[in-house]
1. Can you find a residue in the stretch 248-257 that is over 25 Å from A293 (Cβ atoms), aliphatic (A, V, I, L, M) and at pLDDT 95 or above?
2. Looking only at the stretch 131-176, count how many residues are among the hydroxyl-bearing types (S, T, Y), crowded, with 24+ Cβ neighbours inside 10 Å and more than 16 Å from ligand 1 (Cβ to nearest atom).
3. Cβ-Cβ below 6 Å, separation at least six or inter-chain, first residue in the stretch 316-345 and in a loop (DSSP other than H, G, I, E, B), second of a type in the set (S, T, Y): which pairs?
4. Go over the candidates V231, V250 one by one and state the one that is more than 16 Å from ligand 1 (Cβ to nearest atom) and either of a type outside the set (D, E) or crowded, with 19+ Cβ neighbours inside 10 Å (or both).
5. What do you reckon, is L330 crowded, with 24+ Cβ neighbours inside 10 Å, at pLDDT 95 or above and not acidic (D, E)?
6. Would you please name the residue that is surrounded by the fewest Cβ atoms within 10 Å (Cβ to Cβ), looking only at residues in the stretch 300-315 that are assigned to a loop (DSSP other than H, G, I, E, B) and in contact (Cβ under 8 Å) with a residue 60 or more places away in the chain?
7. Hey, can you tell me all the residues within the stretch 75-112 that are within 16 Å of ligand 2 (Cβ to nearest atom) and either without any contact (Cβ under 8 Å) to a residue 60 or more places away in the chain or farther than 23 Å from V154 by Cβ (or both)?
8. Residue check: is A95 crowded, with 22+ Cβ neighbours inside 10 Å and not in a strand (DSSP E or B)?
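The values are calculated or read from the model by the stated rules, or taken from the named source; none is laboratory data. Everything quoted here is computed from the prediction, not taken from an experiment. Cβ placement follows ideal geometry from the backbone for every residue including glycine, while neighbour counts extend to all protein chains displayed.
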Amino acid sequence: MTAYLIRNVSVVGGAPTDLLIRDGVVAETGAGLTAPDATVLDATGLVALPGLVDLHTHLREPGREDAETVESGSRAAALGGYTAVCAMANTSPVADTAGVVEQVWRLGREAGLVDVQPIGAVTVGLAGERLAELGAMADSAARVRIFSDDGHCVADPKLMRRALEYVKAFDGVVAQHAEEPRLTEGAQMHEGEVSTRLGLTGWPAVAEEAIIARDVLLAEHVGSRLHICHVSTAGSVEVLRHAKARGVKVTAEVTPHHLLLTDEKATTYDPVYKVNPPLRTAADVAALRAALAEGVIDIVATDHAPHAVEDKECEWAYARPGMLGLETALSIALDVLGPQWDLIAERMSRAPARIAGLDSHGLDPAPGVPANLTLVDPAARRVIEPAELASRSRNTPYARMTLPGRIVATFLRGEPTVLDGKAVK
Ligand code: DOR
Ligand code: ZN
């Protein structure tokens, strides 16, 4: 195993130092290290972060390998600075059995670019009718701890309660896609002034807020862990603030796109901006940013949702919701938060690792710690070219935008997955 001596790197924004990576761990830190056998990387001007952890990634395998595979999505993740991703269960077949989650987990190991932690479905076939085999998935080789019907809401309160009760036994967490389906029938975009102007059926903020309010009460009643996917409204932030003040075990994520883009994008009728939950108003964006800084929202998660060209480059009404995220998330975070490295490390690595129970991730580079880390060049700016992305899909909303920051290198257990901004394999 090659050793790496990373020279002059700022660890999470601190004063420049050297990092020696050997045998899968950070062996030493400090100024002026020597290691004659090590490959030297000059990291002057670069920032080392604990490898990013994405709690919400759609890898599309099995079933839609034309849109993404575990391998292509893993490569996109590594290039985005990630060392671990949690793979959503809305594959085909759905990841609702030990067999499917083990398959995804094994494919992740074979690709070897990031740790792929499968998420299990809450209900059989995401149909919202019967609980899936949560225990069998938890006991499988994939050791599933997060369960989600993402793409669909677990709308039945009795099923939601039972899922929360079930996962409590192994300190699991139910990740809810909060959308009251009766309030979003036929919805095409955020319900508000822009949807009225465009004459498109709206997805009202209350459809999200009502489910979050219900579920934090259920989680409090049961005493279980609840996670809220892709929080998108100012009202949701207030519900979460209230629940956290009461001590409810609830965590929440926001996506990069909900931190940056608004429903005004729908006026282009370009389905690249169609996503679920939809892009909201500037006031929502401001509330989400404040909540992320404050900690009412715990993490940034990408909701990386690759879609094949025919599912995206069509009329708005027929296009699938979702956008790519893995290869641009750190840049959007830098754009939105500025160089607040400790906050970025917390929201994009440490906290998601804790929520997912990924013990070897989310740890700042320090002696003895597994060498899962990424090196960022904060001064670089890059133009996003969809054709240059590692994802099999092209549905990025940031095409041809100039974004700050570039991932220079990523290490998974001491092995580089990205060097010089390029995937190693
Ligand atoms: O926009 C979305 N796309 N939201 C979801 O909840 C599911 C996801 C997908 O699977 O494409
Ligand atoms: Zn979702």
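1. As a first pass, look at the stretch 248-257 and keep what is over 25 Å from A293 (Cβ atoms): none.
Looking for residues that are over 25 Å from A293 (Cβ atoms), aliphatic (A, V, I, L, M) and at pLDDT 95 or above, one finds none in the stretch 248-257, hence no.
2. Looking only at the stretch 131-176, we keep the residues that are among the hydroxyl-bearing types (S, T, Y), and these are 140, 148, 166.
Among the residues that remain, those that are also crowded, with 24+ Cβ neighbours inside 10 Å are: 148.
When the remaining residues are screened for being more than 16 Å from ligand 1 (Cβ to nearest atom), the result is none.
Of the residues in that region, 0 qualify.
3. Filtered contacts from the stretch 316-345: L324/S391; L324/T396; G325/T302; L326/T302; T328/Y398.
4. Values: V231 fails: more than 16 Å from ligand 1 (Cβ to nearest atom).
V250 is the lone residue from the list that is more than 16 Å from ligand 1 (Cβ to nearest atom) and either of a type outside the set (D, E) or crowded, with 19+ Cβ neighbours inside 10 Å (or both).
5. Details: crowded, with 24+ Cβ neighbours inside 10 Å: yes; at pLDDT 95 or above: yes; not acidic (D, E): yes.
So L330 passes the test.
6. Step one: of the stretch 300-315, the residues assigned to a loop (DSSP other than H, G, I, E, B) are 301-303, 305-308, 313-315.
Subsequent filtering for residues that are in contact (Cβ under 8 Å) with a residue 60 or more places away in the chain retains 301-303, 305-308.
Numbers: A301: 29, T302: 30, D303: 29, A305: 28, P306: 31, H307: 27, A308: 17.
In this case the residue turns out to be A308.
7. The initial filter retains those residues of the stretch 75-112 that are within 16 Å of ligand 2 (Cβ to nearest atom), namely 85-91, 94-95.
A87, T91, V94, A95 - these are the residues of the stretch 75-112 that are within 16 Å of ligand 2 (Cβ to nearest atom) and either without any contact (Cβ under 8 Å) to a residue 60 or more places away in the chain or farther than 23 Å from V154 by Cβ (or both).
8. Working: crowded, with 22+ Cβ neighbours inside 10 Å: yes; not in a strand (DSSP E or B): yes.
It is true that A95 is crowded, with 22+ Cβ neighbours inside 10 Å and not in a strand (DSSP E or B).
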